[in-house]
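Q: Starting off with a structure, shown below.
Values quoted throughout were computed directly from the atomic coordinates according to the rules given, and no laboratory measurement underlies them. Fair warning: this is a prediction, and the values are worked out from it, not measured in the lab. Cβ atoms come from the backbone with ideal geometry, glycine included; neighbour counts cover every protein chain shown.
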Amino acid sequence: MEARLNYFGNPVGGKIMKHFLAAGKVLQESTLPATIQHLVEIRSSQINGCGFCTDMHTKEAAHHGEDSVRLNLIAAWREATVFTEAERAVLELTEQATRTADAAGGVTDEAWANVAKHFDEDQLTALTFQIGIINAYNRFNIITQQPAGSYKVGMFG
């Protein structure tokens, strides 16, 4: 399978991706824990059916020490006992923010209040943008049918 479009090989796509990658760097440097960032990236990618992002982010999370049991249970987090209360709050927020069409009204006040108990304002800001950016990446990759399975850890810097 070959992608419909090479973002980096196109002048417009390359400029846009440069900004997305820069935003991602800001998120990596934020105080939002890397474990939380990985959970957001993986769960959103699973929901959206983005094979490329699911492949990439599960490999990155494993490389950074995430446990295989936890990785395997992200899609079934409600029944899993391996996630903290803060992580469960993040997974709920991620699902509601990713499934906006399914959840009339978007993110509930309850979900927001639950996540706000665990994170400060800077972390909530980073979390909000983390969810938005991964959803955008998922859509780019789905539209262009980016193939999954060949991602190598650190491939993009």
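Q: Out of all Cα-Cα pairs in the chain, roughly what percent, to the nearest whole number, are more than 29 Å apart?
A: Numbers: 1893 of 12246 pairs.
I get 15 percent for the Cα pairs in the chain exceeding 29 Å.
Q: Under a GNM of the chain (C-alpha, springs under 10 Å), which listed residue has the highest mean-square fluctuation: Asn114, Asn141, Asn72?
A: Asn72
Q: Let me ask something else. Run the numbers on the range 1-148 and let me know its relative contact order in percent, using alpha-carbon pairs under 8 Å that are six or more apart.
A: 39 percent
Q: When the chain is modelled as a GNM with alpha-carbon springs shorter than 10 Å, which of Ser44, Ser68, Ser30 fluctuates the most?
A: Taking springs between Cα atoms under 10 Å, the residue moving most is Ser68.
Q: Looking at the range 1-86, which GluC sites (Glu not before Pro) are DSSP coil and have at most 15 other C-beta atoms within 10 Å of their C-beta?
A: Working: sites: Glu2, Glu29, Glu41, Glu60, Glu66, Glu79, Glu85; in loops: Glu2, Glu29, Glu66, Glu79.
Sparse-neighbourhood loop GluC sites (Glu not before Pro): Glu2, Glu29, Glu79.
Q: Can you give the extra length, in nm with one decimal, that the chain gains between Thr144 and Thr108 once fully stretched, where that is 0.36 nm per residue apart less the Cα-Cα distance? Write down the numbers at each step before the final one.
A: Numbers: separation 36, 0.36 × 36 = 12.96 nm, distance 3.17 nm.
The span from Thr144 to Thr108 would gain 9.8 nm if fully extended.
Q: Could you compute the FRET efficiency for Met155 and Thr128, with r as their C-beta to C-beta distance and R0 at 22 Å, rounded to 0.05?
A: That gives a FRET efficiency of 0.25.
Q: Then there's this: DSSP H helices in the chain with Cα extent of 15 Å or more along the helix axis and mean Kyte-Doolittle hydropathy at least -1.0?
A: Span-like helices in the chain: 11-28, 34-48, 51-63, 85-98, 121-143.
Q: GNM on the chain, C-alpha springs below 10 Å: top fluctuator among Leu32, Leu91, Leu127?
A: Leu32
Q: Ala3 to Asp67: FRET efficiency via 1/(1 + (r/R0)^6), r the Cβ-Cβ distance, R0 35 Å, to the nearest 0.05?
A: E(calc), rounded to 0.05, equals 0.65.
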